[in-house]
Amino acid sequence: MWPLVRRELDGMVTINLKRSFQTYVVFGLVLILLMWVLGPNVTDIFATELISLFLFLIGLLAAGMSLLSTMEEDAANRQLEFLQTLPVRKTDIVHAKFLSSLLLCGFLFVWVSILVSANLLINDVWTVESIRIVFLYLAVLMLLATGNLLWYFLRGSLHGGWINYALLLNGSVFLLYMGFYSPFGISKTFLFSISLAIAGFVYIGCWWLLAKRVKNKGFPKETDDPEREKIEKRAEELKRRYAERQAKKNRGSKQK
Amino acid sequence: MSHNHEQPLLEVRGLSKSYQDFELKDVNFQMPAGTIMGFLGRNGAGKSTTMKAIMDLIKRDDGEIRVLGKSMPEEEVAVKEQVGYVGDTPLLNNAWTMERTLNFARHFYPNWNQDAVEQNLERFEIPRDKKVSELSKGMKVKASLILAMAHQPKLLLLDEPTSGLDPVVRTEVLDLLLGFVQDESRGVLFSSHITSDVEKIADWVTIIDDGHIYISEDKESLLDRYQRIVFLGSGGGKVTEQPLLFNCQPTMDGYVGYTDRFDRFQKVEAGNWHSERLTLEELFVLLTGRKGD
């Protein structure tokens, strides 16, 4: 089990340049959207709360991209199929994914909490009330991970990127609205606590449900799609032909 | 895990799986210990689906699979400790080095044999510190085989491991498999549409076509049983009426037909004829072609 978890964590920290570029583009778009939503507050760009908000958003993006990169790499290399050839139960693969995602959430929660605390301390506005928002951040992180994992284990990695971006956008708006405004006049302590409780319940519930589903029905299309296999074989054949043509060309030019 | 040699290494009973445009129908066969079974079939005949169902990589609709007497998927961990699998495309992570792949996999197997791994890496000149993406297809196949054999499995399941490889690498792979079954308690199920590879190393042949097992038999007895019968001279009418013959056709100087009961045929048929032993390829074409008749 632990080697599986470690493999997941390793995958999460592997840098994918293409994906990183996409991350910055998405981050830029989210930033523009937020400035538009925030309106006049943006004029005070170094406001303490705004810095905290950016820290939360960077933390969310890091989580989303780490989850996405490991899932996409696994799909590209058919690692779900490889893992199933090892003497492990299918449910262990699900448990490893959920456990490693939980560890990632925990890691980012700690780091972002430290950075936000430092921001509040430097600006001399640190209070117990002002730091409670990190629990809302943790709730959003867990919901983001749940959404991604739910899609991955139900539908595979296809369109996983779009799902991740949609979840990130929703999570950011939710965090901004619930964390920095006071909707419906509800106490923030209650709001943050209930958000965290719901997120925890949803995360554990989906974990349990998906483990059960994978045990009964197996993994989604990654390993169960003859059409995909045909396409892959065709691609392999084309690659082989191309390599043969190149080799012939090279031989021809050497003879000349 | 000790294994009774009388017990088949692999038993597949009534295996079925339906897709939108393909169906695996009531697949039955068993594989004795100490054999290399060639699993022959055309592209899309159901070889990979059967292999994947054995490994529980796909969920079957019906049927029973037992490996070393243990039921799949109920005892999948115990079974997979004794099985090595190489898919039709190598399942290695392209971003990892071979070293990293082996270090990861060894955690899962109590029987991991590092000495054998070192020997095979050296023998096949697989660089351990190069990324898998930088290896050629032949090297990837050999690396997959080294990985699949590292835990000294009793059963190797190889899904078209030699397709797309050059003859030198193919021979190396086949030699490796022959070495593997020197231990009589082991076995290899080796799917391919390259009949010459199967003819070279297999001692048992299973032919699948259109999702249906057509034949599963010891290779030698199969090739003894099916023979080409060449009649010289006239008497074609009589030949075509012979119930032990099929696919009878006239030739320049007589008639040619095929029998699947050569023992019986030679007892009952007198006259001017001689028999020719078929190659596995001829037999394969004959059987898969005949089925459609």
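Nothing in this text is a laboratory measurement; each read-out follows from the coordinates by a stated rule. Keep in mind the model is a prediction, meaning the values are calculated, not measured. Using ideal geometry, Cβ is built from the backbone for each residue, glycine included, and neighbour counts are taken over all protein chains shown.
Looking at segment A:125-181, which chymotrypsin sites (Phe, Trp or Tyr not before Pro) are DSSP coil and have at most 13 other C-beta atoms within 10 Å of their C-beta?
A:Y181
How large is the Kirkwood hydrodynamic radius of chain B, counting all unique pairs of alpha carbons, in Å?
20.7
Loop only by DSSP, 16 or fewer other Cβ within 10 Å of the Cβ. Give me the trypsin sites (Lys or Arg not before Pro) in segment A:65-135 that pass, ordered by residue number.
Here the sparse-neighbourhood loop sites are A:R132.
At q = 0.06, 0.10, 0.13 Å⁻¹, what is the log10 ratio I(q)/I(0) for the protein assembly as shown, with the Debye formula run over Cα points and no solvent?
Values returned for q = 0.06, 0.10, 0.13 Å⁻¹ are -0.42, -0.90, -1.25.
For the protein assembly as shown, what does the helix formula give at 222 nm: sum of -39500 (n - 2.57) over DSSP H segments with n ≥ 4, over the residue count, nearest 500 deg cm²/dmol?
The helix-only estimate for the protein assembly as shown comes to -18500 deg cm²/dmol at 222 nm.
Long-range amide H contacts for B:G84: which residues qualify at under 5 Å (H placed 1.01 Å from N, peptide plane, sequence gap of 5 or more or a different chain)?
It is B:L155, B:L156, B:L157, by chain and number.
Please list 3J(HN,Hα) in residue order for segment B:105-111, calculated via the Karplus relation 6.51 cos²θ - 1.76 cosθ + 1.60 where θ = phi - 60°; whole Hz, with x for glycine and proline.
3J(HN,Hα) across segment B:105-111, in whole Hz: 5, 4, 4, 9, 10, x, 9.
Could you work out how far helix B:114-123 tilts from the main Cα principal axis of chain B, as a 0 to 90 degree angle to the nearest 10?
60
If each residue's Cβ is checked for other Cβ atoms within 10 Å, how do B:K200, B:K59 rank with the fewest at the top?
Fewest-to-most ranking of B:K200, B:K59: B:K59, B:K200.
With label points built 7 Å along Cα→Cβ from the Cα atoms of A:A47 and B:D26, find their separation and express it in nm.
According to this spin-label approximation, the distance is 7.5 nm.
Take chain B, connect every pair of alpha-carbon atoms lying under 10 Å apart with a spring to form a Gaussian network, then pick out the residue of B:Y19, B:Y109, B:Y85 with the largest mean-square fluctuation.
Looking only at B:Y19, B:Y109, B:Y85, the biggest GNM fluctuation is shown by B:Y19.
Taking amide H positions as placed in the peptide plane 1.01 Å from N, state which residues far from B:G254 in sequence (5 or more) or on other chains have amide H under 5 Å from it.
The answer is B:G233.
For A:F201 and A:Y177, calculate 0.36 nm times their separation in residues minus their Cα-Cα distance, and state this gained length in nm to one decimal.
Computed gain between A:F201 and A:Y177 is 6.5 nm.
Give the relative contact order (percent, whole number) for segment A:83-216; include only Cα pairs under 8 Å separated by 6+ residues.
37 percent.
Using only alpha carbon pairs under 8 Å that are at least six residues apart, calculate the relative contact order of segment B:78-198 and give it in whole percent.
33
Can you work out ³J(HN,Hα) from phi for every residue in segment B:248-255, in order, using Karplus 6.51 cos²θ - 1.76 cosθ + 1.60 and θ = phi - 60°, giving whole Hz and x for Gly and Pro?
6, 9, x, 10, 4, 10, x, 9
Could you let me know the centre-to-centre spacing of segment A:47-68 and segment B:70-125, using Cα atoms, in angstrom?
That distance is 40 Å.
On a full-extension model of 0.36 nm per residue, what is the gain between A:I114 and A:D10, subtracting their alpha-carbon distance, rounded to one decimal in nm?
35.1 nm
Looking at segment B:156-220 only, what percent of DSSP beta bridges run antiparallel? Nearest 5 please.
Within segment B:156-220, antiparallel bridges account for around 60 percent of the total.
To the nearest 0.05, what FRET efficiency results for B:N113 and B:E217 with a Förster distance of 51 Å applied to their C-beta separation?
Efficiency at R0 = 51 Å is approximately 0.95.
To the nearest 0.05, what FRET efficiency results for B:R123 and B:D166 with a Förster distance of 25 Å applied to their C-beta separation?
0.90
Rounded to the nearest 5, what is the percent of antiparallel bridges among the DSSP beta bridges in chain B?
The antiparallel fraction comes to roughly 65 percent.
Could you give the nm distance between label points at A:F184 and B:S136, where each point is 7 Å from its Cα heading toward the beta carbon?
Label-label distance for A:F184 and B:S136, simple model: 6.7 nm.
Please report the antiparallel percentage of the DSSP beta bridges confined to the protein assembly as shown, to the nearest 5.
So the antiparallel bridges amount to about 65 percent of the total.
Tell me, A:M178, A:M142 in order of fewest to most beta-carbon neighbours within 10 Å?
Ascending number of Cβ neighbours within 10 Å: A:M178, A:M142.
Step through the residues of segment A:132-145 one at a time and calculate ³J(HN,Hα) from phi using the Karplus curve (6.51 cos²θ - 1.76 cosθ + 1.60, θ = phi - 60°), rounding each to whole Hz and writing x for Gly and Pro.
Values per residue, Gly and Pro as x: 4, 4, 4, 6, 5, 4, 4, 4, 5, 4, 5, 5, 4, 5 Hz.
Using the alpha-carbon atoms, what tilt in degrees (0 to 90, nearest 10) does helix B:137-149 show relative to the longest principal axis of chain B?
It is inclined by approximately 80 degrees.
Quote the relative contact order of chain B in percent (integer), defining contacts as alpha-carbon pairs under 8 Å separated by 6+ residues.
Result for chain B is 21 percent.
Springs between alpha-carbon atoms under 10 Å, Gaussian network over chain B: tell me which of B:L280, B:L92, B:L232 tops the mean-square fluctuations.
Ranking B:L280, B:L92, B:L232 by mean-square fluctuation puts B:L232 first.
On a 0 to 90 degree scale, rounded to 10, what angle separates helix B:167-180 from the longest Cα axis of chain B?
So the inclination is approximately 80 degrees.
At a 10 Å Cβ-Cβ cut-off, how would you order B:V12, B:V285, A:V26, fewest neighbours first?
Fewest-to-most Cβ neighbours within 10 Å comes out as B:V285, A:V26, B:V12.
Evaluate segment B:160-254: find the radius of gyration of its Cα atoms, find its Kirkwood radius, and give the ratio Rg to Rh.
The Rg/Rh ratio comes out at 1.12.
Apply the a/c threshold of 1.5 to the C-alpha gyration tensor of segment A:162-225 and tell me whether it is rounded, prolate or oblate.
oblate
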